[in-house]
1. Describe numerically, in nm with one decimal, the distance between label points set 7 Å from Cα along Cα→Cβ at Gln203 and at Ser122.
2. Give the Rg (one decimal place) followed by the Dmax (whole number) of segment 33-225, computed from C-alpha coordinates and expressed in Å.
3. In what sequence do Tyr127, Tyr269 fall when counting other Cβ within 10 Å, fewest first?
4. Collect residues whose amide H, placed 1.01 Å from N in the peptide plane, falls under 5 Å from the amide H of Gly163; neighbours closer than 5 in sequence don't count.
5. Output the pairs from Lys80/Lys224; Lys80/Lys234; Lys69/Lys106; Lys208/Lys229 with a Cα-Cα distance over 18 Å in this structure; if there are none, say none.
6. Mind checking which of Ser121, Ser207, Ser287 has the largest fluctuation in a GNM of the chain, springs on alpha carbons under 10 Å?
7. Where in the chain are the helices, taken as whole DSSP H runs, whose Cα atoms extend 24 angstrom or more along the long axis and whose Kyte-Doolittle mean reaches at least 0.0?
8. Among Tyr195, Tyr58, which comes first, second and so on when ranked by fewest other beta-carbon atoms within 10 Å?
Amino acid sequence: MGFKNKFTGVIITLTLLISVLSSLYLFDFSSMAAPGTVTVVIDPGHGGNDGTNLGAVYNGYMEKELTLKVANAMKSELEKYDGVTVYMTRTSDHFLSLEDRAKYAKEVGADFVFSIHFNASSEHNFYGSEVWCSSVGDYYKKGYEFGLLEQNELSALGLYQKGVKTKVGTKGDYYGVIRQCVARGIPCDIIEHCYLDHGYDLQHLNSKDFTTALGISDATAVAKYFKLKSKDGKTDFSKLTYTTVKKPSGVVFHDTTDPDTCSIQVLAYDSASRNALIELTAKDKQSPIIYFSYSHDGGNTFCPLGMWDRTKDTQSFNIKIPSGKSSANIVVRAYNNYELFKDSNGVAIETR
Ligand SMILES: [Zn+2]
């Protein structure tokens, strides 16, 4: 390009330089809202009065109400920290689509969305907490890192931890709120705190102020994740280190196959107490074994799910054979953390 004179050229160059510099400055500024501040959106799952989006409803609990209680407790706890601005997708009982929740998060400049939920299962046999994160790139990395922190907090409340997981559907991430947030450049985790239809979790839920405790745990995990300091100076996570997760190059698919190994042997049988000592070996390369259950009638009926120590592949336990039976056929079922199970070989025990 030719300038009319040297002077005009210098002016144009300076103007360009200033505009480039100021746009860089503005870009930095706008992407950080207020510098050093993170923006968190809490999304209380479900809601609305037309009866279509109550979430799980069991034992006098309604998911849409619990999620709001936990979210309120989480917000007030998180606001005790410096450097964080907290928004909620809803503060009352009304319907919001998953897309609207993500749109709102985008509008307020969310750095992370935490979607608050409670669980239930069709057979009412599962219990514990699980965290769902995105299956792609940085969203996976961030989601998984937060999930590990969240699990530690929930575990400290006595809840069994099922794991941090991804689930992929035909459109990408299976869960709509995660998919809609990721489409807008925002990491999002779903926290399924516990089951409303299982006694093991209900004993916690029925205890006083448990929803408040859950909200405080969620907020603490967020404060740890963003390395926040409390306003009163009593809590300082700024120097905290936690497990980091590698950014995956491709999509992190979920496990779709049942456990690789589930086999048993009877180590001993005591006819006086009718106790059989069973040794179970259960393994799955893709996902951890988290529950096991046994049957003494060849697999017709199973006992409630027991917790599996996932640091060991082989464990032993006692099974009491009901009195009045002259023989028993033991079968053990092992579940991975995608709730897929495998039945063991059967072993007959003569009890006479
Ligand atoms: Zn839900």
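1. Going from the Gln203 label point to the Ser122 one covers 2.9 nm.
2. Considering segment 33-225 through its Cα atoms, Rg and Dmax are 15.4, 49 Å.
3. Ranking Tyr127, Tyr269 by Cβ neighbours within 10 Å, fewest first, gives Tyr269, Tyr127.
4. Under 5 Å from the amide H of Gly163 lie the amide H atoms of Val131, each far enough along the sequence or on another chain.
5. Listed pairs above 18 Å: Lys69/Lys106; Lys208/Lys229.
6. Maximum fluctuation in the GNM of the chain, among the listed residues, is at Ser207.
7. Those that pass (Cα extent of 24 Å or more, hydropathy at least 0.0) are 6-31.
8. So the residues, fewest neighbours to most, are Tyr58, Tyr195.
Any read-out appearing in this document is the output of simple, stated calculations on the displayed coordinates, not a laboratory observation. Since the model is a prediction, treat every value here as computed from it, not as a measurement. No Cβ is skipped: glycine too gets one built from the backbone with ideal geometry, and neighbour counts run over all protein chains shown.
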